[in-house]
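I have placed the structure first, in the form of structure tokens, so that the comments after it can refer back to it.
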Amino acid sequence: MNINDIWASAQERLEKQVSAVSFELWIKSLEPVDFKNGILYLSTTSETAKQRINNLHKGEIFVAVTGSSDEVKDVVILDPVERDAYRQNKEIAVESENRKFPGLNNFNAKYTFDNFVVGNSNKYVYAACRGVAEKPAAMINPLFVYGGVGLGKTHLLHAIGNYINQNYPDKTVIYCTCEKFINDYVNALKGASSFSAMNSFKEKYRSLDVLIIDDIQFISKAVETQEEFFHTFNELYENGKQIIIASDRPPKEIATLQERLRSRFSMGIIQDIQSPDYETRLAILMKKAQEEGYLIADEVVEYIAEHFDTNVRDMEGILAKVWFYARCLCKKSADMEDMKEALKDHDFADRQNLTIDRVVDCVCRYYSLRKDDLLGKKKSREFALPRQICMYIICDMLNLPLMTISNHFGKKDHTTVIYARDKIADMLEKGEHTVKVAVADIKAMVMKN
Ligand code: ADP
Ligand code: MG
């Protein structure tokens, strides 16, 4: 059943149910906007009309539309502002579907330079990315971008790809995660007629104009792939092709990275991306709300910008949740009540007073160790393993600079912390049971404290 049929049949029923005046005044002027995922969206002509309808006739409308077709599960009344936001939002979604590039080009059209908010924390990285997009292989090569999770690295990589596709349509650009590169390589090695599989792998990666590789830190696990990546890198570089790499840490902190790759990465520019400051966070949130068509009170946006200060992805998650709760109650815009609701199922409250000390205390309790011993220099396994687990958990749960963590353990540089973090991560990956249990238990203690 199409949307107009649904609404026509519901109107027929409503005409019999409500008074003639109400029908003329409120029902007749409703306009069907969309029917999606079982929800019928209707728009009023004004905000007041929406309030009246929700107060007086929501129940009747619900019964009429859900009764008119099995496919209809719910009805949402929008006022004109919400209707426009809804439509705009839908257009953006449709557009990004259409703009997905065929073949090799797999850029997410949602991520562009235009919708990347620039502030002090990311202005250099933004400039570098724009630079390579505008003049590939001319100024900065390779570009190595690093920073913590959810700070916009992947966004910028896609923005570069989208920009080059639009402005240099004859250049071949590919975005690929490090894992994809490793998989492709391993599959080529395993290929039935290995020779041609390997040839087509090489052809694919070595014939590009621009290679964008995300999350390169994962290459530390794949020694053979490093070898192949080194050759790919050289061939592209020597032929004057652009290479862009992103990582969650700088090259010198990627464990087991071949020295020659490390030095290749350092030939161009290595640029970090920091957590955004308050103003930038606020701007990111407002842009997001606008893009998604969320209507959210200023104080809520300010609250989020104030309290979620390290990771843009988390910030966006909570924003979406707040809007969701407001929608559940058919509110025009989300307020602090919805904020409270959204925070309930978020571990944010606990995270707020999550500190290094708290983790240290929990590890001491778990292993019955004295704090001095845990933080000290004793090297025997009974101290060393808990100490490494402690460092790992701090890295994992707290978004802190490595130097801060190192200083807490009386270290002058951060190699010990990196070593501990990677070692425990490795043990967890290999499924070492006692370590796995300890980490899970201690994390639970930390969260409960
Ligand atoms: P990373 O790859 O660094 O982990 P992402 O690029 O996936 O992070 O970013 C996480 C989310 O935050 C994405 O939805 C991205 O669009 C958004 N984001 C991060 N920084 C910004 C920014 N400065 N402006 C707009 N959106 C941002
Ligand atoms: Mg990413």
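The values are calculated or read from the model by the stated rules, or taken from the named source; none is laboratory data. Not measured: the values here are computed from a predicted model. Positions of Cβ are generated from backbone atoms using ideal geometry, with glycine treated the same way; all protein chains shown enter the neighbour counts. Protein only, heavy atoms only, side chains kept; ligands, DNA and RNA dropped before computing areas. Shrake-Rupley method; radii C 1.70, N 1.55, O 1.52, S 1.80 Å.
Suppose the filter is in a helix (DSSP H, G or I) and within 16 Å of ligand 1 (Cβ to nearest atom); does F195 pass it?
Values: in a helix (DSSP H, G or I): yes; within 16 Å of ligand 1 (Cβ to nearest atom): no.
For F195, the condition - in a helix (DSSP H, G or I) and within 16 Å of ligand 1 (Cβ to nearest atom) - is not met.
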Self-check item: Selection count where residues are free of Cβ contacts under 8 Å to residues at least 40 places away in the same chain and in contact with a strand residue (DSSP E or B) (Cβ under 7 Å, 6 or more places away or on another chain), scope segment 267-318
Solution: 4
Practice problem: Report, ordered by the first and then the second residue, all pairs with beta carbons closer than 9 Å, sequence separation of six or more or different chains, a first member in segment 95-124 that is more than 10 Å from ligand 1 (Cβ to nearest atom) and part of a loop (DSSP other than H, G, I, E, B), and a second member that is open to solvent by 80 Å² or more (accessible area, probe 1.4 Å) and at pLDDT 75 or above. | Solution: N120/Q274; N120/E279
Self-check item: Residue ID - nearest to T415 (Cα to Cα), chosen from residues in segment 217-260 that are free of Cβ contacts under 8 Å to residues at least 60 places away in the same chain and among the aliphatic types (A, V, I, L, M)
Solution: I254
Self-check item: Test for E299: is it more than 15 Å from the chain's Cα centre (by Cα) and at pLDDT 90 or above
Solution: yes
Self-check item: Filter result (open to solvent by 50 Å² or more (accessible area, probe 1.4 Å) and either in contact (Cβ under 8 Å) with a residue 12 or more places away in the chain or farther than 19 Å from Q217 by Cα (or both)) within segment 412-439
Solution: K412, D413, T416, Y419, K423, E432, H433, T434, K436, V437
Quiz item: Here are some conditions: (1) outside any loop (DSSP other than H, G, I, E, B); (2) open to solvent by less than 30 Å² (accessible area, probe 1.4 Å). T154 meets all but one. Which one does it not meet?
Solution: (2)
Practice problem: All but one of (1) in contact with a helix residue (DSSP H, G or I) (Cβ under 8 Å, 6 or more places away or on another chain); (2) more than 12 Å from ligand 1 (Cβ to nearest atom) hold for G150, so report the exception by its number. | Solution: (2)
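In the set A342, A305, which member is of a type in the set (G, A, S), assigned to a helix (DSSP H, G or I), open to solvent by less than 50 Å² (accessible area, probe 1.4 Å) and modelled with pLDDT of 90 or more? Before the answer, list the steps.
On the way: A342 fails: modelled with pLDDT of 90 or more.
None of the other options fit; the residue is A305.
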